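The values are calculated or read from the model by the stated rules, or taken from the named source; none is laboratory data. Source: prediction; values computed, not measured. Neighbour counts run over all protein chains shown; Cβ positions are idealised from the backbone, glycine included. In case anyone asks, the SASA skips ligands and DNA or RNA and just uses the protein heavy atoms, side chains included. Shrake-Rupley method; radii C 1.70, N 1.55, O 1.52, S 1.80 Å.
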Amino acid sequence: MKVTQGWPTWVRRLSFAAVLLVAAFTPGISAGWSSQQCPQSQCESAGTIRWIRPMPGSWTVQNGEVGTTPVDGQAYAALGSQIAAVGSGLTVSAYQADTGQRLWTTLLTGFPAGSSITAVRVWPGVVTVGVVPPAPPGPSTSTAPTPGGAAGGAHATAPASGQAAAGAPAASGAPASSGPAAGNRPPRAEIVLRASTGHRIRAYPAAQFGGAVAASPATTVVVGPRAVTSYANHTGAVRWSRPTGTVPQAWQVDGGELYMAVASGGYLGSAPVTALRRINLGTGAQHVVSPYGPSFLGALSLAYQGVVVFSSARWARGYSTTTGRELWHYPSALPDTVDAVAGRLYLLSGNTLIGLNPRTGSTLIRVNAASSSGLYGIREGAVLGIDHGALGKAWGFGIAAQQVLWTSRPLPWPHYFVDLSGIGGSAPPDQDAVLLAICGQVAAKAAGATVPRCSRPELAVLNR
């Protein structure tokens with residue numbers, strides 16, 4: 001994908017997922033973190049491996065951040081309280097979260113050749129899987145979407161949807177016409193699988209960077225090509241639908257609310273965001289939030305604790321999701337991530353990671369950063385990272401303690417999964433565990449091959 005107006009999100013997400021490593025509180029202090037710094041007496045009891053199980057499919061191994069990846073395409077995974085699921089190509093496998101017992105493997109059928117999984121999300125009782133058909137011949141018009149629709153990264157998925165006038169009334173009943181997705185890409189299909197068996201329950205139309213934003217055995221809410229729609233899984237009937245227009249928009253989820261930008265050009269255009277849709281994921285109740293002034297400044301990037309963050313090349317700004325009033329602004333910073341347990345929203349400014357109070361914008365912590373491809377998340381006050389290569393390890397660095405809190409035993413060629421919407425991935429906020437792909441055994445490199453194959457690809461879950 002090329003990057004046009006969506007560059008702030010692309011930069012901020014990749015900078016976090018690929019090049020950021022927290023070093024220390026005080027500016028000027030340098031620390032090249034790795035698991036080698038963890039005092040054994042303090043770390044042996046943490047970072048233990050819960051289980052390692054074989055994964056289906058053909059995988060390769062590469063040095064650096066690539067690690068263990070499928071031969072073709074990408075892999076996507078998610079971890080819930082009951083199951084872990086991983087998908088690549090058109091195959092999805094599920095494992096019991098506590099023991100690693102293989103529950104099922106499902107091959108998704110009925111899709112044209114070249115279709116592939118682009119998202120795996122785990123919900124109570126169901127697994128949702130996004131499947132995108134191959135792009136038609138000709139130049140692609142896809143671009144990296146804005147946050148909540150941030151695309152990219154090794155295993156990234158990203159959301160977005162359509163747009164309508166700010167004053168459009170809430171609708172119910174049949175969803176808006178699905179139609180083709182933005183650009184020349186065919187629409188995505190969102191498949192709902194039963195978590196206990198892997199059997200397909202339903203398939204719903206979804207936006208290219210949309211998909212399931214809430215799901216249960218009874219209902220699924222999908223960001224579709226032209227509407228946000230709640231379906232009854234038993235019958236496939238529409239429970240409610242909120243039209244969103246004909247062009248894809250950036251969106252974010254915060255708790256039980258979906259926030260969708262309203263801009264005439266969508267995330268692909270340069271038109272300002274003139275309103276924000278707040279849609280309750282349970283009831284479909286919609287409220288249009290208007291800015292104080294002609295528009296919100298920047299692109300929709302994050303939503304957390306009733307605050308939406310818009311970003312541009314010059315500023316990050318926090319706005320109230322109730323009044324639309326600006327609460328704070330921060331110069332030369334990009335929104336990065338949130339730590340729900342610590343209650344912090346993180347911005348990235350140059351080589352500094354800044355933890356803010358999301359409601360006031362007051363700085364709670366400033367952390368210098370050095371370049372590394374091993375960092376992939378901040379959870380419960382700890383930075384999560386991996387060391388690469390055949391003797392790679394996973395580790396957690398405590399921001400308050402300024403030291404490595406735990407490290408795993410060697411995990412050969414580790415690779416983390418990312419869902420840039422914040423749903424799923426290697427480190428879900430509500431689970432005290434980490435999900436990684438590793439390679440238990442490397443096959444002899446075939447003549448003419450650029451990278452060796454992994455003869456024993458594995459899925460690993462670590463306690464954190």
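Here are a few things to note about the model shown:
- So Gly282, is it farther than 17 Å from Arg359 by Cβ, at pLDDT below 95 and open to solvent by 20 Å² or more (accessible area, probe 1.4 Å): no
- Here Ser172 meets the list (1) of a type in the set (S, T, N, Q); (2) at pLDDT 95 or above; (3) open to solvent by 50 Å² or more (accessible area, probe 1.4 Å); (4) touching a Phe, Trp or Tyr at 6+ places or on another chain (Cβ under 9 Å) almost entirely, failing just condition (2).
- Highlighted here are the strands (runs of 3 or more DSSP E) found entirely within region 197-238 that include at least 3 residues which are farther than 16 Å from Asn280 by Cα: 200-206.
Yes or no, residue by residue, for (1) open to solvent by 20 Å² or more (accessible area, probe 1.4 Å); (2) in contact with a Gly (Cβ under 9 Å, 6 or more places away or on another chain); (3) within 11 Å of Val192 (Cβ to Cβ):
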{"position": "Val213", "(1), (2), (3)": "no, no, no"}
{"position": "Val228", "(1), (2), (3)": "no, yes, no"}
{"position": "Trp240", "(1), (2), (3)": "no, yes, no"}
{"position": "Thr246", "(1), (2), (3)": "yes, yes, no"}
{"position": "Ala250", "(1), (2), (3)": "no, yes, no"}
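- For region 90-116, the set of residues classified as more than 15 Å from Arg200 (Cα to Cα), open to solvent by 30 Å² or more (accessible area, probe 1.4 Å) and outside any strand (DSSP E or B) consists of Asp98, Thr99, Gln101, Pro112, Ala113, Gly114, listed by residue number.
- For region 398-415, a tally of residues being open to solvent by less than 10 Å² (accessible area, probe 1.4 Å) and aromatic (Phe, Trp, Tyr) returns 0.
- Condition met for Tyr346 (without any contact (Cβ under 8 Å) to a residue 60 or more places away in the chain, surrounded by 16 or more Cβ atoms within 10 Å (Cβ to Cβ), within 18 Å of Tyr304 (Cβ to Cβ) and touching an Asp or Glu at 6+ places or on another chain (Cβ under 6 Å)): yes
- Note on region 419-439: residues that are open to solvent by less than 30 Å² (accessible area, probe 1.4 Å) and either in a loop (DSSP other than H, G, I, E, B) or aromatic (Phe, Trp, Tyr) (or both) total 9.
- Of all residues in region 279-290, those that are on the phi > 0 side of the Ramachandran plot have Cβ atoms under 7 Å from Cβ atoms of residues that are surrounded by 16 or more Cβ atoms within 10 Å (Cβ to Cβ), 6 or more apart or on another chain, in Gly284/Ser230; Gly284/Trp240; Gly284/Arg242.
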